[in-house]
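Scroll down for the structure; my scribbles are underneath it.
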Amino acid sequence: MQSEVICVRCPKGCKVKVAFEGGSVTSVEGYGCLLGREYAVQEVVNPQRIVSTTVRVLKAPYQRLPVRTSRPVPKDKVREVVKALAGVTVEAPVKRGEVIVKNVAGTSVDVIAERDLESEGG
Amino acid sequence: MVVIGGGPSGLAASVKLEEKGYDVTILESERELGGILMQCIHDGFGTKLFNEAFSGPEFACKFIDRVRDLDVEYFTNTFVKSVKVGSSLKEVVALNRQGVLKLSCRAIVFATGCRERTPFEIKVGGTRPAGVYTAGMVQRLVNVYGVLPGKKVLIVGGGDVGMIVARHLLLEGVEEVTIVFPEAWFAGLARNVQQCVLDFGIPFKPRTVVKEIVGKERVDGAVLVNVDEQWKPIEGTEVFHPCDTIIFSVGLIPNSSQLEEMGAEIDPRTRGPVVNEYFETSLKGVFAVGNLVTVFDYVDDAVETAFLAAEGVEKYLQGEERREKPTPLSPGKYLRLMVPHRVEWADGRDVVAFFRSSVEKENCWIVAKDGSGGEIFRTLKRYVRPTLLERLEIHRDLVDKAGRVVVDAE
């Protein structure tokens, strides 16, 4: 199998072709530097992403609280993470960095608040 | 000291000035500090300044916390009505729910950011039904108020904001997202192409623009048309694209109208004010920072201009010596724009400049020449392209020797 990865290590945006068989990389082509090669292989073998979204928040000046995963999660878990957070409601006040959901979607990664939100009214 | 605008650049300038012992007042028109970053909930901010990728609110909060620690005075929900610049004292009149605020100050830092270009500023025909938005507006609706704009969305523009909004809408439950743009490839950062578009298999059409918006009460769709390399529509390539929402992400323009009204010189290339090496406008003691000066790709760079301006305020207030004649700094044939526009102070740090190339080139020499075409400095950039704002440092003593400095790509 072969994957094409756009390298993000510098603005050049090389298109790197990574071929792999049964979990091991057999060839890497089109990279401009060694950093790019390393990135492309990581992207193919185990791509990871920070997931940012919002959850419902009550008693706050706004309706949504921005949250993110505290660490990157496997790329194929991104949608599951967002789905797991769809029904979550919190109440202000909230502190930045506070854990909103532990071990989200079985990733063993926590979801944390991106900002403080003070409570307002009822 | 008055700082107008409580976004990242305004906050950074305020913090630096307060640390230097000045008495700062921030005027912010929104209900809270933080500016546009508060709705940019994705990560990737601060990689240059902190060597770590924060979300927008996290990055902003670093400075908001500092503002609170230093007890900097700030007013939110406050609009600046007028600014008068006298020879030494300046007067700012602002309005809020409590009434009229009259502030006398010795220096002003404008940090009013930029605004989104609207569909009315590019040629789009057809009707004007409900369901037409700008990307920033949608970002705010979704991330702050939890409102999705529609179900089938067309995004116009292949820049960073368009891509980020596309990913977000898809994750938050919009059924269908398509991106169109007139360039041959996305104009934004490669990381966004990968992580926002390709990761989610979002369909996109290069060399395509909206010819007409269709719909009476609500958007029914758009007539798309292919364009050539000069972005000229190719007749006969029109197709109807059904959708209920059209989001325009077609560029950002500095909010410089207030400075212009005050008589500050404006650069037609950046559409922001003309500034010296410490980001002082053509009005003495009036500084401009961040996206108001030119639209930055990285908030880290915008914040750097704020730090430089804080040093400039200090120089201004201490009455440090200026050159008899400022040395003009200008972009050559292959640069689309460059800031700052002149070197004005007799002494100081090396000159930090930002430029955008008008060509795409690998291993590109950036060359600075004096008025008579003699080379004074060159540096190699691994890759330049029109969509990337590059940073450049030029030794001050090299500028000293030249009557003027022209920087160009070679």
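The values are calculated or read from the model by the stated rules, or taken from the named source; none is laboratory data. Model, not experiment: these values are computed from the prediction. Here the Cβ is made from the backbone with ideal geometry for all residues, glycine too, and neighbour counts use every protein chain on show.
If the condition is being among the polar types (S, T, N, Q), touching a strand residue (DSSP E or B) at 6+ places or on another chain (Cβ under 6 Å) and either at positive phi or surrounded by fewer than 18 Cβ atoms within 10 Å (Cβ to Cβ) (or both), then the stretch B:193-241 contributes only B:237.
Per-residue answers, yes or no, for (1) touching a Lys or Arg at 6+ places or on another chain (Cβ under 7 Å); (2) more than 11 Å from every other protein chain (Cβ to nearest Cβ); (3) surrounded by 14 or more Cβ atoms within 10 Å (Cβ to Cβ); (4) assigned to a loop (DSSP other than H, G, I, E, B):
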position	(1), (2), (3), (4)
A:66	yes, no, yes, no
A:84	no, yes, yes, no
A:87	no, yes, no, yes
A:105	yes, yes, yes, no
A:112	yes, no, yes, no
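Of the residues making up the stretch A:17-70, just one is among the hydroxyl-bearing types (Ser, Thr, Tyr), over 19 Å from the mean Cα position of the chain (by Cα) and closer than 29 Å to residue A:83 by Cβ, namely A:62. The set of residues from the stretch B:315-334 being assigned to a loop (DSSP other than H, G, I, E, B) and of a type outside the set (D, E, K, R) comprises B:318, B:319, B:332, B:334.
If only residues of the stretch B:125-149 that are aliphatic (A, V, I, L, M), under 24 Å from the mean Cα position of the chain (by Cα) and outside any helix (DSSP H, G or I) are counted, the one that is surrounded by the fewest Cβ atoms within 10 Å (Cβ to Cβ) is B:144. Name every residue in the stretch B:21-37 that is at positive phi and assigned to a helix (DSSP H, G or I), in order of residue number. Selection gives B:35 alone.
Among strands (runs of 3 or more DSSP E) lying entirely in the stretch A:1-54, which contain 3 or more residues that are away from chain B (no Cβ under 14 Å)? Those strands (runs of 3 or more DSSP E) span A:15-21, A:24-29.
Checking each residue in the stretch A:40-75 for being without any contact (Cβ under 8 Å) to a residue 24 or more places away in the chain and farther than 23 Å from residue A:97 by Cβ picks out A:41, A:42. Take the residues of the stretch B:385-410 that are within 19 Å of residue B:48 (Cα to Cα) and in contact with a Phe, Trp or Tyr (Cβ under 9 Å, 6 or more places away or on another chain): which is surrounded by the most Cβ atoms within 10 Å (Cβ to Cβ)? Taking the candidates together, the pick is B:390. If you go through the stretch A:11-45 and keep only what is of a type outside the set (Ser, Thr, Tyr) and in contact with a Phe, Trp or Tyr (Cβ under 7 Å, 6 or more places away or on another chain), you end up with A:11, A:12, A:14, A:16, A:37, A:40, A:44. Going by the structure shown, is residue A:79 over 8 Å from the mean Cα position of the chain (by Cα), assigned to a strand (DSSP E or B) and surrounded by fewer than 19 Cβ atoms within 10 Å (Cβ to Cβ)? No, not satisfied. Within the stretch B:363-387, the residues that satisfy the criterion of being within 12 Å of chain A (Cβ to nearest Cβ) and in contact with a Lys or Arg (Cβ under 7 Å, 6 or more places away or on another chain) are B:363, B:364, B:382, B:383, B:384, B:386. Which residues, counting only those in the stretch B:353-364, are surrounded by 14 or more Cβ atoms within 10 Å (Cβ to Cβ) and modelled with pLDDT of 90 or more? Once the filter is applied, which keeps residues that are surrounded by 14 or more Cβ atoms within 10 Å (Cβ to Cβ) and modelled with pLDDT of 90 or more, the stretch B:353-364 yields B:353, B:354, B:355, B:356, B:357, B:358, B:364.
For residue B:186, the test of being modelled with pLDDT under 95, within 21 Å of residue B:118 (Cα to Cα) and touching a helix residue (DSSP H, G or I) at 6+ places or on another chain (Cβ under 8 Å) is passed. When we screen B:379, B:327 for residues that are surrounded by 15 or more Cβ atoms within 10 Å (Cβ to Cβ), touching a residue at least 12 places away in the same chain (Cβ under 8 Å) and not small (Gly, Ala, Ser), the only hit is B:327. Restricting attention to the stretch B:12-55, the residues being within 14 Å of chain A (Cβ to nearest Cβ) and in contact (Cβ under 8 Å) with a residue 60 or more places away in the chain number 13. Of all residues in the stretch B:67-78, at least one satisfies being within 14 Å of another protein chain (Cβ to nearest Cβ), more than 30 Å from residue B:225 (Cβ to Cβ), buried (at least 16 other Cβ atoms within 10 Å of the Cβ) and in contact with a helix residue (DSSP H, G or I) (Cβ under 8 Å, 6 or more places away or on another chain). From the list B:109, B:83, the one residue that fits, being in contact with a Gly (Cβ under 8 Å, 6 or more places away or on another chain), assigned to a strand (DSSP E or B) and hydrophobic (A, V, I, L, M, F, W, C), is B:109. Here residue B:172 does not qualify as more than 13 Å from chain A (Cβ to nearest Cβ), of a type in the set (D, E, K, R) and in contact (Cβ under 8 Å) with a residue 24 or more places away in the chain. From the list B:190, B:184, the lone residue that is surrounded by fewer than 16 Cβ atoms within 10 Å (Cβ to Cβ), farther than 12 Å from residue B:247 by Cα and within 14 Å of chain A (Cβ to nearest Cβ) is B:184.
Against the list (1) in contact with a His (Cβ under 9 Å, 6 or more places away or on another chain); (2) over 24 Å from residue B:302 (Cα atoms), the condition residue B:351 fails is (2). Among residues that are within 24 Å of the chain's Cα centre (by Cα), assigned to a strand (DSSP E or B) and closer than 24 Å to residue B:79 by Cα, residue B:115 is included.
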